[in-house]
Every structure is written in C-alpha cells, then in structure tokens.
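Just below is one structure, and these are the notes that go with it.
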Amino acid sequence: MHSVGISLLIVFVVLACILGVASGLIWLERRLLALWQDRYGPNRVGPFGLLQVLADIIKILMKEDWIPPFADKPVFVIAPAITVITTLLSFSVIVFAPGITVVDLGIGVLLFLAMSSLGVYSLVLAGWSSDNKYSLLGGLRAAAQMLSYELFVGLSLMGVVMLAGSFRIADIVEAQRGLWFCGPQFVGFVIFFIAGLAETHRLPLDLPEADNELVAGYHSEYSGMKFGLFFLGEYIGITLISAMIATFFFGGWLGPVLPGLLWFIIKTFFFICLFIALRAALPRPRYDQLMSVSWKWILPLALLNLLVTGAILVSRTT
Amino acid sequence: MLSLIRTVWLVLLHMFHRRVTIQYPEHKAPLPPRWRGRIILSRDPDGGERCVACYLCAIACPVDCIALQATQDEHGRRYPEWFRINFSRCIFCGFCEEACPTYAIQLTPDFEMSEYHRENLVYEKEDLLISGQGKYHGYNFYRVAGLAIGGKDKGQGEEDRPPVDLRTLLP
Ligand code: SF4
Ligand code: SF4
C-alpha cells in the first residue's frame, strides 16, 4: 500500500512537472530566440514576462474551437491528443534519479521507441482528416520524415544498448559510470540528435509544418486548444528527446558533487537550450535533401556504427 | 557541416550583443521632425485659421477620411464650418499636407493616439485645431493672396503692387 502511494505521488509529480516545463518552454524559447536575435522577447507580464505563458493559455482557451465542416470529425478531434499521450507515456520509463521513475521497465528503450513511432499518427491523421491540401502535404511529409528518422533513433540507440547490455534505462545509466556513452558512441549521439530533431519536427527539420510553404502544415485547420495541444506535444517532445539524450549519452543522473536529480535536470536543460539554438541558427533544408541525407548518409553511418561497436565488443569478449 | 556549426556559434555569440529593442513606453524612439503622425490644423501668425476650406485635402486623401463643410465669415473669408478626420481610416500618407495650398493641414511627429473605442478616433475641428503655426512659420495665405477680404484691399498684400487702374491704361 505504501509503495502504491509513492508510485502515485511520483506519477502526479512527474506529470505536473512535465506539463509545467512544457508550458514554461514556450516562454523560455521566446526569450532565448529573442536573446540570440538581439531582442527582448516577452518581458512585460509578470517578472521577466513569466506570466506570459498564463496569458497565452487563457487566450488560447478562450478562442473559438472551430472544426471545419469538411473535416473527418472524430479523427480530427483525436489527432492532437495522440501526440500528447504518446510523449507523456514515454516519460514513464525515464529514470530521473535512482528510484525516481514511474515504471522501471526491463524494456524501457523499446517502449520509448514504440511511443515515438505512434506519435507519427498524430501528424498524419491530423493532416489527413483536415481535408485540406496543405494539411495533407504536411501529413505526407510527416509520415515520410518521421518514419525514416524513426529508424535512426532505433539504430543509434542499439549501440548504447549493446554497450550497456540491457534495455532497462536504469542499467544503461549505471553502465556509464566510468565513461559517458557520448565518447564511445559519438556517431550514435550525433545521429540520435539529428533524428530526435526530426522526430520532434523542430525548426531546422520542421518540414511537416514549414510555415512559409504549407501555411502551417498538418495543423493549418486547427484552432483553440486543439492547436494548443499540438504545441504542448511538441514541447513535451523536446523535453523528452533532451532527457533521452542526457540519459543515453551523457550519463543521466551521474555527476559529481550535486545530487543526481539536479544533474539530470541540468543536462536536460542544456539540450533543450541547444534545440532552441538550432532553431535560431539553422535554415530549413529542402524536402528531398532531408530524405536523401537520411537514406544515403545517416543510414549507412548508423549501420556502420552498429557494426563497429559490435565488432569491438565481440573482440573484447573473445 | 562545419559551416553549420559556425552558424550556430555566431548565433550564440549574439548573447553578448547589445539588444536593439527600444523598450517603448519607458524609452521612446526619437522621431524625425518630418515624421508623418497625428494631423493638426494650424493657424497663421495673426491667429486666424489657415484653412480656407478648399476641399483639396479631402479630394487628395486616398482613403476618403477627411470631411469638411466650407462657410464664410462676414468679410468673405472662407473657413471650414466643421472639419472631421477619421483616424481609424487615415493611413498617414501625407497627401493632404501636400495638397493643402495654405499649410493649414500638417502631420506631426506623434503617433500615440490609441483608443479603446473606435468612435474616439474621429477627430473634430476643435480636436485638430492648434493655437500655433505648426511646422511652417510666418505664412499667412491671405496676406500673400491677391484677394480682397475684410481689413485688406487689393494690392495691400505682401509683395503686391498697387492694382492697375484699367481706365488710365486706355490708349
Ligand atoms: S494623411 Fe493621407 S490618409 Fe491621412 S488624412 Fe491625409 S491624405 Fe488622408
Ligand atoms: S486643410 Fe488645406 S487643403 Fe484642406 S480644405 Fe483646408 S486649406 Fe484646403
């Protein structure tokens, strides 16, 4: 009974923290982008503009929630929820610090991969059900982009799994006690980072949205809180990928002096900021460039990485 | 690849640049004197209204936001009975100022005219008319125009020569 109480507590604290962080990221992103563009960003509402998020949420809740008459209504309504649900579910396997996790699954990595694959449905269904050519184009791009990069997320993680010898996330972190995996798995890290960028369809690789070609891509027809859910899903996705990079390649909660949870938060925060910096700095590639880079460069590289890692491991054991 | 990293690095360096934003209500951007902002109606050096109600500004206005009604005083001097500018339509193009033959209508460096109610953006003559001469000093249309009005006869204007007596010109 006692442990159930603690589990429930962890669930709710994690949920609250993630939703809080995801909405706080809206403010953080706007401030950071402004900083890198020599502007100020929102700094009027509350101290440092922190209450801007609250104002935005109130505004978006007040907005008319309009469903186009030509849309496929049930799918249209379900689509935004999928992205939020799948990304939130992935958080259940993240180990924030020793013992602080929602479920300590033996197949944590697989659950994460499965959930990020399911997340594609959100975009594809949204683009499909909107019955609008721009949305459909966005959905098509989302399908192709996310399915192909999904592959590299999996492949780049396999090296880590090989080194750790386990799919359990806590084991993977423990295996990095001597050396963080970003060293031996540097190629894997770079691939995972790029693929994570594509998975969360963040700005350099935001082809499903591509505001200046496709209006707003797959969510052109969405308004009100449904639109808000897509954004929430996107920001939770950034947090998730950053947390995963910290876990798989930068030793999760491991670190000197400071408590583990703090290390985890610092590392995650660093990668979130890196994501935002990429948005500030890099232009969006063309769609064919995106696909050809993925299949002609990243796939062979990921396979090679896997092969070399495997060979080294085998030669070490024999 | 290297160029991408260089781009990110250069963007990150912007953290240490000065921000170009002017924090508006606390700090104000210096407006050039020829800024086209809130419109005023000016007076001549003698304190009379410069506007002669010629309707040229109303015709020049591309969005038709000026309305006025001409009338005359007892000396035959024309002036607008009422003069109305709808600032919710004005695009601050300055055409009215260019069209005006008397420097009456002028655009000033002031843009802080936000209102909560749209009707408050319709300015009447008493809102527009100022007591000074605005941007152009020392110009009085009736003193240079060869027009006889009360207190000034033909030929008494500045740079006017006495009118020619037609009868003495007869051969
Ligand atoms: S500034 Fe342009 S739009 Fe405004 S009143 Fe004058 S002519 Fe009309
Ligand atoms: S403001 Fe100028 S242009 Fe307009 S009616 Fe008066 S004199 Fe004519």
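The values are calculated or read from the model by the stated rules, or taken from the named source; none is laboratory data. Values in this document were obtained by computation on a predicted structure and should not be read as measured data. Don't worry about glycine lacking a Cβ; one is built from the backbone with ideal geometry, like all the others, and counts go over all protein chains shown. Surface areas here come from the heavy atoms of the whole protein model, side chains and all, with no ligands, DNA or RNA. Shrake-Rupley method; radii C 1.70, N 1.55, O 1.52, S 1.80 Å.
Could you tell me the calculated FRET efficiency between B:Arg6 and A:Cys273, based on Cβ-Cβ distance and R0 = 22 angstrom, to the nearest 0.05?
FRET efficiency, B:Arg6 to A:Cys273: 0.75.
Averaging sequence separations of C-alpha pairs under 8 Å and six or more residues apart, then dividing by the length of chain B, give the relative contact order as a whole percent.
Computed over chain B, the figure is 25 percent.
Round to the nearest 0.05 the FRET efficiency obtained for A:Ser292 and A:Val103 when R0 = 45 Å and r is the Cβ-Cβ distance.
With R0 = 45 Å, the Cβ-Cβ based efficiency is 0.70.
Over the heavy atoms of B:Leu170, what accessible area does a 1.4 Å probe trace out, to the nearest 10 Å²?
The accessible area of B:Leu170 comes to roughly 120 Å².
What aspartates and glutamates does B:Lys28 reach when the alpha-carbon gap must be under 17 Å and sequence neighbours fewer than 8 apart in one chain are set aside?
Once the sequence-local aspartates and glutamates are set aside, what remains near B:Lys28 is B:Asp110, B:Glu112.
Just the accessible area for A:His219, please: 1.4 Å probe, Å², rounded to the nearest 10?
Accessible area, nearest 10 Å²: 10 Å².
Does segment B:1-95 come out rounded, prolate or oblate by the C-alpha gyration tensor, with a ≥ b ≥ c the root eigenvalues, rounded set by a/c under 1.5 and, if not, prolate when a/b is larger than b/c and oblate if not?
Verdict is prolate for segment B:1-95.
Any idea how far apart B:Arg34 and A:Leu118 come out in nm if each label point goes 7 Å out from Cα toward Cβ?
6.6
Taking 0.36 nm per intervening residue step and subtracting the Cα-Cα distance, what contour gain separates B:Ala67 from B:His137 on full extension?
Extending this stretch completely gives an extra 22.6 nm.
What FRET efficiency comes out for the pair A:Ile57/A:Thr317, r = Cβ-Cβ distance, R0 = 56 Å, nearest 0.05?
Approximately 0.55, to the nearest 0.05.
Roll a 1.4 Å probe over the protein chains and send me the accessible area per residue for chain A in Å².
Solvent-accessible surface per residue comes out at 45 Å².
Once neighbouring chains are kept in place and the probe is 1.4 Å, which whole percent of the accessible area of segment B:30-171 is contributed by carbon and sulfur?
The computed percentage sits at 52.
Rounded, prolate or oblate: which fits segment A:250-318 when a ≥ b ≥ c are the square roots of the eigenvalues of the alpha-carbon gyration tensor, with rounded for a/c under 1.5 and prolate only if a/b beats b/c?
Because a/c hits 1.5 or more and a/b fails to exceed b/c, segment A:250-318 counts as oblate.
Ignoring any ligand, DNA or RNA, what whole percent of the accessible area of segment A:100-258 comes from carbon and sulfur when the probe is 1.4 angstrom?
72
Give me the extension gain from A:Leu282 to A:Asp38: residue separation times 0.36 nm, minus the current Cα-Cα distance, reported in nm with one decimal.
Taking A:Leu282 through A:Asp38 to full extension adds about 86.2 nm, to one decimal.
What percent does the relative contact order of chain A come to when contacts are Cα pairs within less than 8 Å and at least six residues apart?
23
Between A and B, buried accessible area summed over both sides at probe 1.4 Å, in Å² to the nearest 100?
1400
Within chain A, how many Lys pairs that are eight or more residues apart, or on different chains, come under 21 Å at the alpha-carbon?
For chain A, the number of qualifying lysine pairs is 6.
Quick check: pseudo-label points 7 Å beyond the Cα along Cα→Cβ at B:Glu98 and A:Met225, how many nm apart are they?
Distance between the two pseudo-spin positions: 5.3 nm.
Just to confirm, what accessible area per residue do you get for segment B:1-55 at 1.4 Å probe, in whole Å²?
73
Need the full-extension length gain, B:Ile149 to B:Asp110, defined as separation in residues times 0.36 nm minus the C-alpha distance. One decimal, nm.
Going from the current span to full extension adds 10.5 nm.
Measure out, as a whole number of angstrom, how far apart the alpha-carbon centroids of segment A:157-230 and segment A:257-318 sit.
Their Cα centres are 8 Å away from one another.
So for the pair B:Val164, B:Glu26, with labels modelled 7 Å out along Cα→Cβ, what separation do we get in nm?
7.0
Roughly how many Å² is the accessible area per residue of segment B:95-146, as a whole number, for a 1.4 Å probe?
61
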